[in-house]
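Taking it in order: structure first as structure tokens, then the write-up.
The values are calculated or read from the model by the stated rules, or taken from the named source; none is laboratory data. Quantities reported herein were computed from a predicted structural model and do not represent experimental measurements. Glycine also receives a Cβ, built like all others from the backbone with ideal geometry; neighbour counts cover every protein chain displayed. Side chains are part of the model used for accessible areas, which takes the heavy atoms of the whole protein and leaves out ligands, DNA and RNA. Shrake-Rupley method; radii C 1.70, N 1.55, O 1.52, S 1.80 Å.
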Amino acid sequence: ARVYPPRIDSPEQLAGIERELKTVISALESALEQDPGDPELLWRLGFAHTMAYNLDWPDSKDKLENYFKLLFEKDPENKFGHLFYGAHLAQAGKDDAQKSLYHLEKAYAYGFDVALTMMGTAYMQLGDTSKALECFKKMQEKFPDDPQINRLIEGLEKSVEYEGRGGFVNEDGSRSE
């Protein structure tokens, strides 16, 4: 349930995941009652609610936003908070892609190389192919044998080449040159 859509094989697996997630959230919320400003608990609750959001639980978006907001009020430089909140925003859609970049750039500065891939994805959602390529190429420098990164770069380079010739795909899916 860390990504959307979650990869779930059966109704039984979904029930088990939901049961475990409810248990974890309940335990974290109980611990937070004892120590209301604990950054560790706040980022873990924020992350747990991102999983709940990916499972389409009601009110999960408001809860994750609230926990991350409280976290950044208490600890503005929380590296795990920036990574996990930025990752959530990057996959939440185009409306949140710009907002994700702030958090992912911080996460990258803290040494989380994986943030490059998420930044590239956010730039793709924003239509900035050159910045997306830049992020993926930085990732490729660190992991030259990663087939997924190599395919992304190859596809984006073809897209840039095609755009450079003046071609593009219209909103209705038709192609024009």
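Output yes when any residue across segment 57-66 is among the aromatic types (Phe, Trp, Tyr), under 19 Å from residue 121 (Cβ atoms) and open to solvent by 40 Å² or more (accessible area, probe 1.4 Å), and no when none is.
The first filter runs over segment 57-66 and keeps only residues among the aromatic types (Phe, Trp, Tyr), leaving 57.
Remaining after also requiring under 19 Å from residue 121 (Cβ atoms): none.
Looking for residues that are among the aromatic types (Phe, Trp, Tyr), under 19 Å from residue 121 (Cβ atoms) and open to solvent by 40 Å² or more (accessible area, probe 1.4 Å), one finds none in segment 57-66, hence no.
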Check: Considering segment 102-113 alone, what residues qualify as being of a type outside the set (D, E, K, R), in a helix (DSSP H, G or I) and surrounded by 14 or more Cβ atoms within 10 Å (Cβ to Cβ)?
Finding: 103, 104, 107, 108
Checklist line | Among residues of segment 114-132, those that are hydroxyl-bearing (Ser, Thr, Tyr) and not in a helix (DSSP H, G or I), counted | finding: 0
Margin query: Quick check on my filter: what residues within segment 112-138 are touching a residue at least 24 places away in the same chain (Cβ under 8 Å) and small (Gly, Ala, Ser)?
Written below: 115, 120, 122, 130, 132
Checklist line | Among the candidates 8, 25, residue that is of a type in the set (A, V, I, L, M, F, W, C) and either touching an Asp or Glu at 6+ places or on another chain (Cβ under 7 Å) or open to solvent by 40 Å² or more (accessible area, probe 1.4 Å) (or both) | finding: 8
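For segment 74-101, enumerate the residues that are in a helix (DSSP H, G or I), more than 18 Å from residue 61 (Cα to Cα) and more than 12 Å from the chain's Cα centre (by Cα). Before you say what the answer is, go through the steps one by one.
First, pick out the residues of segment 74-101 that are in a helix (DSSP H, G or I): 74, 79-92, 94-101.
Imposing the further condition that a residue be more than 18 Å from residue 61 (Cα to Cα) reduces the set to 74, 79-80, 101.
Across segment 74-101, the qualifying residues are 74, 79, 80.
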Next item on the list: Please find, among 5, 11, the residue that is touching a residue at least 40 places away in the same chain (Cβ under 8 Å) and of a type outside the set (Lys, Arg).
Entry: 5
Next item on the list: Considering each residue of segment 143-169, count those that are open to solvent by 90 Å² or more (accessible area, probe 1.4 Å), modelled with pLDDT of 90 or more and either among the polar types (S, T, N, Q) or in a helix (DSSP H, G or I) (or both), and give that number.
Entry: 3
Checklist line | Failed condition for residue 77, given (1) within 18 Å of residue 118 (Cα to Cα); (2) surrounded by fewer than 12 Cβ atoms within 10 Å (Cβ to Cβ); (3) in contact (Cβ under 8 Å) with a residue 24 or more places away in the chain | finding: (1)
Notebook entry, point to check: Scanning for something over 20 Å from residue 1 (Cα atoms), of a type in the set (Asp, Glu) and modelled with pLDDT under 95, does segment 81-103 turn up at least one residue?
Noted result: yes
Notebook entry, point to check: Before we move on, is residue 32 at negative phi, touching a residue at least 24 places away in the same chain (Cβ under 8 Å) and assigned to a helix (DSSP H, G or I)?
Noted result: no
